[in-house]
Ligand code: DP6
């Protein structure tokens, strides 16, 4: 690309972003190309799960390059990242291709989402490497264009993604810092199989469910209630709405055309056990599931050991990962 004298042939930066788990889910878009969601959503960042990405804008390159965990990325992933780099190039006035090296600290192929942390880290690293300053809002909105949930991995701690009605008004912001409430996500991995239908394809089918309008119309009430229960550290109220919202999203998935059934028998077994542990044993834990069979068991930090032990005792087929509340996306010092 570009010609003429080169003052600086290469511009490099490294950024890290954490994954997040939604308490009120994003499912379905009002505008697919801008990734404007059908409803606002709420999440917390996950401190233990992160992506670290190096972006090198390099005028000597003839195309964008991407490695993930040291290996060249597959065609679909490469295409999606190149499209996002095109968006960033336009915004930053950048005329070079990029070499992108991305590493996840969590095992791939566990069904644990990586697009949120990946597109947040990519956006922050690309902006820093271009020496382009952005507000947190605009960074979040830009990350959203790569993957909707990436908008929520930009701010720190407990976050709301405001659905908005345009690119500029659809961004995430923090409403409580990580240290506000010591929640832990104990993730029960029940299957390492790759998702049959990923989120991007799933968002397209959401509108075909007769239940989606009801889910969307009632989302604001659940967001207000979840935010209030987090601010008051009221676990029982939090638990009942988080489980209801997960069930609502899966009801939409199951009634879409074609139907999406993400639950495995073990997922249902865990959901029932979690309710039993809360209601009969007084353990502060509730469940939520994304577009896959793994069960996120959200609990108070003081109950995380008990939850993890009980999950492992339920079945040999269950593996467990654990994470507290995470920071926002940020630039890392050069290695
Ligand atoms: C079920 O953000 O992964 O995890 O924008 O197509 O990348 P794309 O979708 P994505 O969707 C997340 C869906 C969810 C619920 C949630 O995290 O809110």
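Kindly indicate whether residue 81 is assigned to a helix (DSSP H, G or I) and either surrounded by 14 or more Cβ atoms within 10 Å (Cβ to Cβ) or in contact with a strand residue (DSSP E or B) (Cβ under 7 Å, 6 or more places away or on another chain) (or both). Criteria met by residue 81. Counting only residues that are surrounded by fewer than 21 Cβ atoms within 10 Å (Cβ to Cβ) and part of a loop (DSSP other than H, G, I, E, B), which one in the range 261-278 is farthest from the ligand (Cβ to nearest atom)? Applying the filter and picking the extreme gives 264. Number of residues in the range 11-57 that are over 15 Å from residue 162 (Cα atoms), touching a strand residue (DSSP E or B) at 6+ places or on another chain (Cβ under 6 Å) and within 11 Å of the ligand (Cβ to nearest atom): the value is 3.
Yes/no matrix, rows are residues, columns are (1) in contact with a helix residue (DSSP H, G or I) (Cβ under 6 Å, 6 or more places away or on another chain); (2) away from the ligand (no atom under 14 Å from the Cβ); (3) without any contact (Cβ under 8 Å) to a residue 40 or more places away in the chain:
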| residue | (1), (2), (3) |
| --- | --- |
| 201 | no, no, yes |
| 207 | no, yes, no |
| 229 | yes, yes, yes |
| 238 | yes, yes, no |
| 242 | no, no, no |
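If you go through the range 112-167 and pick out every residue that is assigned to a loop (DSSP other than H, G, I, E, B) and either at positive phi or within 10 Å of the ligand (Cβ to nearest atom) (or both), you end up with 6.
Quick note: the coordinates plus some simple rules give every number you see, no bench work behind them. These numbers come from a predicted model, not from an experiment. A quick note on method: Cβ atoms are made from the backbone with ideal geometry, for glycine too, and the neighbour counts reach across all protein chains shown.
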